[in-house]
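In what follows, a single structure is set out as structure tokens and then discussed.
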Amino acid sequence: MTATARTNHARTGWVALTDRLARVLKPLAWINLAVEILIVGTGGLVRLSGSGLGCPRWPECVSGSITPVKHQAQEWHKYVEFGNRMLTSLVSIVAVLLILAIVGHRRSSDRRALLPPALGVLGGIALQAVVGGISVLTHLNPAIVALHFLISMALVATSAWLVWQVREHRLVPVRREVRLLGAGTAFVAGLVLMLGTAVTGAGPHSGDATHPARFAFSPRSAAWLHADMVMLFCGLVVAMLVATALVEARSAFRSWRLVALVTVLQAIVGYTQYFLGVPGALVLVHMLMACLLVVAVTWGVLATRAPASTVRPTTAPRTTHVPTP
């Protein structure tokens with residue numbers, strides 16, 4: 001086979017691969033979102049089980065070995081931490097497959113819209129791995145651990161955006177004031193997440209039982225400030241429900257109704273864990289609910305940002321019947 005023939009064969013195989021993946025673009029977008037939430041859950045297990053330094057080195061687990069070894073002193077903690085590290089490979093593979101599916105998409109306009117955030121997800125995974133390594137090398141500095149979690153939330157939001165884009169929505173444009181209110185609500189949600197990491201960083205779950213690294217301020221004060229911000233967020237969510245109902249934006253109202261539901265459930269879990277002394281199981285549920293809240297808020301904001309020029313009419317235009325003589 002000549003070099004030209006080999007090149008053409010490889011090109012044909014590449015096109016066939018991307019074309020097949022493009023057919024399952026929607027499932028891949030959902031899988032990408034699911035694994036991003038999954039790795040948040042496993043990261044929570046690492047912290048809540050005190051396994052943060054189960055592998056005390058990075059990128060190796062111990063000196064001279066990427067994988068845990070028998071004589072390693074961390075017992076079962078090493079397997080929890082190493083399992084979370086290995087899940088990064090799965091998340092990366094899914095992100096690459098999603099990118100290939102987007103490349104094979106037939107409509108160039110969709111490729112231009114979807115490819116940058118998909119590449120951003122892959123880049124964010126790499127950044128997340130580096131920040132995770134720094135957290136290990138700094139013996140679980142609470143600020144670095146908080147940044148590690150917030151990057152995960154950004155990846156979840158971007159993945160939720162991709163899921164939204166590959167689905168078909170019948171949207172109506174809303175007033176600029178409503179869009180700004182939605183953006184402000186999302187901003188406050190980000191502050192809620194930041195203060196939530198401060199509460200965890202000052203609380204009992206530092207990530208390693210033998211090397212507790214926590215913020216120096218009072219966990220109770222951090223929890224109160226976090227709760228105050230949550231109350232502000234709840235008020236803004238109610239305002240969004242009222243606003244979208246008044247402008248008769250049904251799809252936006254449904255999206256913000258989902259935000260309200262997740263917010264209520266998250267508040268119940270949050271107050272319950274506080275009054276029960278912050279049990280690890282409820283903290284993990286609270287983290288996973290935070291992921292769902294990020295997804296819901298992302299979709300809520302997107303539901304209010306439909307340009308009028310791109311919205312499909314939901315009803316046929318009215319015509320005036322002129323009687324013939």
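The values are calculated or read from the model by the stated rules, or taken from the named source; none is laboratory data. The structure displayed is predicted, hence computed values, not measured ones. With ideal geometry, Cβ positions are generated from the backbone for all residues, glycine too; neighbour counts draw on all protein chains shown.
Before moving on, here are some points about what is shown:
- Scanning segment 21-52 for residues that are surrounded by 24 or more Cβ atoms within 10 Å (Cβ to Cβ) and hydroxyl-bearing (Ser, Thr, Tyr) turns up just one, SER51.
- Between LEU162, LEU150, LEU181, LEU155, the distinction of being assigned by TED's automatic domain parsing to the domain that holds GLY270, in contact (Cβ under 8 Å) with a residue 24 or more places away in the chain and either over 27 Å from ARG250 (Cβ atoms) or of a type outside the set (Gly, Ala, Ser) (or both) belongs to LEU181 only.
- Exactly one residue among VAL136, VAL121, VAL96, VAL91 is farther than 23 Å from TRP164 by Cβ, assigned to a helix (DSSP H, G or I) and hydrophobic (A, V, I, L, M, F, W, C), and that residue is VAL136.
- From the options ALA296, ALA260, ALA306, residue that is surrounded by fewer than 21 Cβ atoms within 10 Å (Cβ to Cβ), modelled with pLDDT of 95 or more and under 26 Å from PHE187 (Cα atoms): ALA260
Listed here are the residues, each with its yes/no results for (1) under 22 Å from LYS26 (Cα atoms); (2) crowded, with 19+ Cβ neighbours inside 10 Å; (3) modelled with pLDDT under 90; (4) in contact with a helix residue (DSSP H, G or I) (Cβ under 8 Å, 6 or more places away or on another chain).
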residue	(1), (2), (3), (4)
GLU60	no, no, yes, no
VAL80	no, yes, yes, yes
LEU98	yes, yes, no, yes
GLY124	yes, yes, no, yes
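- Considering (1) closer than 30 Å to TRP164 by Cα; (2) surrounded by fewer than 19 Cβ atoms within 10 Å (Cβ to Cβ), the lone condition that GLY64 does not fulfil carries the number (1).
- Scan of segment 184-204 for residues that are at pLDDT 90 or above, surrounded by 20 or more Cβ atoms within 10 Å (Cβ to Cβ) and either of a type outside the set (A, V, I, L, M) or assigned by TED's automatic domain parsing to the domain that holds LEU140 (or both), ordered by number: THR185
- Exclusive hit being in contact with a strand residue (DSSP E or B) (Cβ under 9 Å, 6 or more places away or on another chain), assigned by TED's automatic domain parsing to the domain that holds SER159 and surrounded by 15 or more Cβ atoms within 10 Å (Cβ to Cβ), set HIS105, HIS139: HIS139
- As a summary of the residue check, MET86 satisfies the conditions (1) surrounded by fewer than 18 Cβ atoms within 10 Å (Cβ to Cβ); (2) touching a residue at least 60 places away in the same chain (Cβ under 8 Å); (3) in the same structural domain as THR42 (by TED's automatic domain parsing) except for the one numbered (2).
- Within segment 34-61, the set of residues being among the aliphatic types (A, V, I, L, M), within 17 Å of PHE149 (Cβ to Cβ) and under 15 Å from the mean Cα position of the chain (by Cα) comprises VAL35, ILE37, LEU38, ILE39, VAL40.
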